[in-house]
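Below is one structure, written out as structure tokens; comments come after it.
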Amino acid sequence: MTDQLTLEPTARVLDRASVRAFVDEHINPYADAYDRAGAVPEELLARIGEAGLWAPFLPPGLGGSGTDMVTFGEIHEEVGRGCSSVRSLLTVHGMLSWALQRWGSAEQLERWGPSLAAGRVLGAFCLTEPQAGSDTGAITTRAVPRGGGWVLDGAKKWITGGRRADLFLVFAQGPASTVALLVPRDTPGVGISPIDDILGTRASMLAEVTFSDVRLGPDALLGPAAGFAAGMVLTGTLDIGRYSVAAGSVGIVQACLEASAAYAARRSVGGTQLRDLPLIQAKLSEMVTDVRAARLLVADAGRLKDAGDSATIMSTWVAKYFASTAAARHAAEAVQIHGANGCGPEYPVARYYRDAKVMEIIEGSNEVQRTTIAAEAYRRWAP
Ligand SMILES: Cc1cc2nc3c(=O)[nH]c(=O)nc-3n(C[C@H](O)[C@H](O)[C@H](O)COP(=O)(O)OP(=O)(O)OC[C@H]3O[C@@H](n4cnc5c(N)ncnc54)[C@H](O)[C@@H]3O)c2cc1C
């Protein structure tokens, strides 16, 4: 028994409590400063690596902790409670790492896995183009097979972490279907143009990433080059991103709740404490209720992922729709409870408000979510 246990490298134990403590010490006190600076400092990126948070689901053999998806969601909720920009960086890095784990060859896993787990290599996800966001089929970036490898040309926009990432997971039109390619940043022909002054997740170091006659070897291809399975790389990767954003949105609601309760307990108007006003209590009770509901929806999607149940895809859509709309609604109410202080730089709620709006747009906009959920209603109950 003991012999068997020593065969696997030792994994770090990550759980909600330890990640919350990490976030409260290393992220929460500085998140407003990151937001103002429009960047996350290198020191924090390194600390996240030391804490094992970049790709915790990777197996211990690749340097990860082998965490299940429920725990992954809890980690992203806790980071999202502290800073949505940092959580966004974890999201796209996690998407690339997860796709590598799911579809990577043994050589690709060996080359990139340990560096991604440690955060020595940071990953980004490149799908959106200036003319193609929700309509992913309209991407025009082309991957042409040549000499056993690929030649990549096109432009990607709104790439989270693009300014800093070392490795890009790029989706392009291949000869037969959409293909996924791993593109190191230092490949000749890769161009990076920072995007500044974004509404929310201002520290997530967005960039436009261009590819001009980028020559890649055969080992750049992640997953198959054609057919149903090639399409699954995109679907599966987006599902993980959506799950992370859902969890991060729960974190925003939790942060709004904590900030609002603390403020209402301190502030008085006309001789009455805010905490005793029924209209303020109504707002807080909605936050308490919605954060619990959203957390359960995310956990449900996570459990289905851990069970390998394909129903997780729809559960993740529902969780992300519910959690992101709850985040946007409650962040607005958190600003309202803070009055003018909610609009100023001394309290974090203005940041939550701006970040929450972004959650309704990324990884499937609200409208696309509702369209997809309604399609499920017809499929199941009015076929
Ligand atoms: C902060 C931030 C970070 C991002 N990070 C990344 C990243 O890392 N990688 C990446 O690839 N992309 C990223 N994106 C892009 C993001 O995924 C897209 O913005 C999103 O998919 C929406 O696409 P779009 O902006 O082109 O809007 P459009 O698709 O042009 O939609 C415009 C509006 O029309 C609505 N709409 C679209 N289709 C329908 C429909 N069928 N029915 C009704 N309404 C519809 C949309 O909901 C939206 O309100 C990021 C965006 C932001 C803002």
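So, residue 81, is that one part of a helix (DSSP H, G or I) and open to solvent by less than 20 Å² (accessible area, probe 1.4 Å) or not? Quick ask: steps written out before the conclusion?
Working: part of a helix (DSSP H, G or I): yes; open to solvent by less than 20 Å² (accessible area, probe 1.4 Å): yes.
Here the answer is yes, as residue 81 does meet what is asked.
Residues checked against (1) of a type in the set (S, T, N, Q); (2) in contact with a helix residue (DSSP H, G or I) (Cβ under 9 Å, 6 or more places away or on another chain); (3) open to solvent by 30 Å² or more (accessible area, probe 1.4 Å); (4) away from the ligand (no atom under 12 Å from the Cβ):
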{"position": "148", "(1), (2), (3), (4)": "no, yes, yes, yes"}
{"position": "156", "(1), (2), (3), (4)": "no, no, no, no"}
{"position": "167", "(1), (2), (3), (4)": "no, yes, no, yes"}
{"position": "179", "(1), (2), (3), (4)": "no, yes, no, yes"}
{"position": "185", "(1), (2), (3), (4)": "no, no, yes, yes"}
_residue 366, sole failed condition from (1) within 16 Å of the ligand (Cβ to nearest atom); (2) modelled with pLDDT of 95 or more; (3) surrounded by 14 or more Cβ atoms within 10 Å (Cβ to Cβ)_ = (2)
*Take residue 139 and decide whether it is open to solvent by less than 30 Å² (accessible area, probe 1.4 Å), free of Cβ contacts under 8 Å to residues at least 40 places away in the same chain, within 12 Å of the ligand (Cβ to nearest atom) and out of contact with any Gly (no Cβ under 7 Å at 6 or more places or on another chain).*
yes
_Single match in 74, 110 (criterion: within 17 Å of the chain's Cα centre (by Cα) and outside the structural domain of residue 175 (by TED's automatic domain parsing))_ = 74
*Being open to solvent by 50 Å² or more (accessible area, probe 1.4 Å), modelled with pLDDT of 95 or more and closer than 15 Å to residue 339 by Cα narrows it down to one of 275, 292, so name that one.*
275
*Residue among 125, 171 that is touching a residue at least 40 places away in the same chain (Cβ under 8 Å), in contact with a Cys (Cβ under 8 Å, 6 or more places away or on another chain) and within 11 Å of the ligand (Cβ to nearest atom)*: 171
*Looking at the stretch 166-237, what strands (runs of 3 or more DSSP E) fall wholly within it and have at least 2 residues that are closer than 17 Å to residue 102 by Cβ?*
167-173, 178-184
*residue 134, sole failed condition from (1) without any contact (Cβ under 8 Å) to a residue 60 or more places away in the chain; (2) within 16 Å of the ligand (Cβ to nearest atom); (3) open to solvent by 10 Å² or more (accessible area, probe 1.4 Å)*: (1)
*Among the residues of the stretch 341-349, is there at least one that is out of contact with any strand residue (DSSP E or B) (no Cβ under 8 Å at 6 or more places or on another chain), open to solvent by less than 10 Å² (accessible area, probe 1.4 Å) and closer than 19 Å to residue 199 by Cβ?*
yes
_Let me confirm something: among 340, 350, 331, 319, which residue is within 24 Å of residue 237 (Cβ to Cβ), more than 9 Å from the ligand (Cβ to nearest atom) and of a type in the set (A, V, I, L, M)?_
319
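The values are calculated or read from the model by the stated rules, or taken from the named source; none is laboratory data. Small disclaimer: the values here were computed from a predicted structure and weren't measured. Glycine also receives a Cβ, built like all others from the backbone with ideal geometry; neighbour counts cover every protein chain displayed. Please note that ligands, DNA and RNA were not included when accessible areas were found on the heavy atoms of the full protein model with its side chains. Shrake-Rupley method; radii C 1.70, N 1.55, O 1.52, S 1.80 Å.
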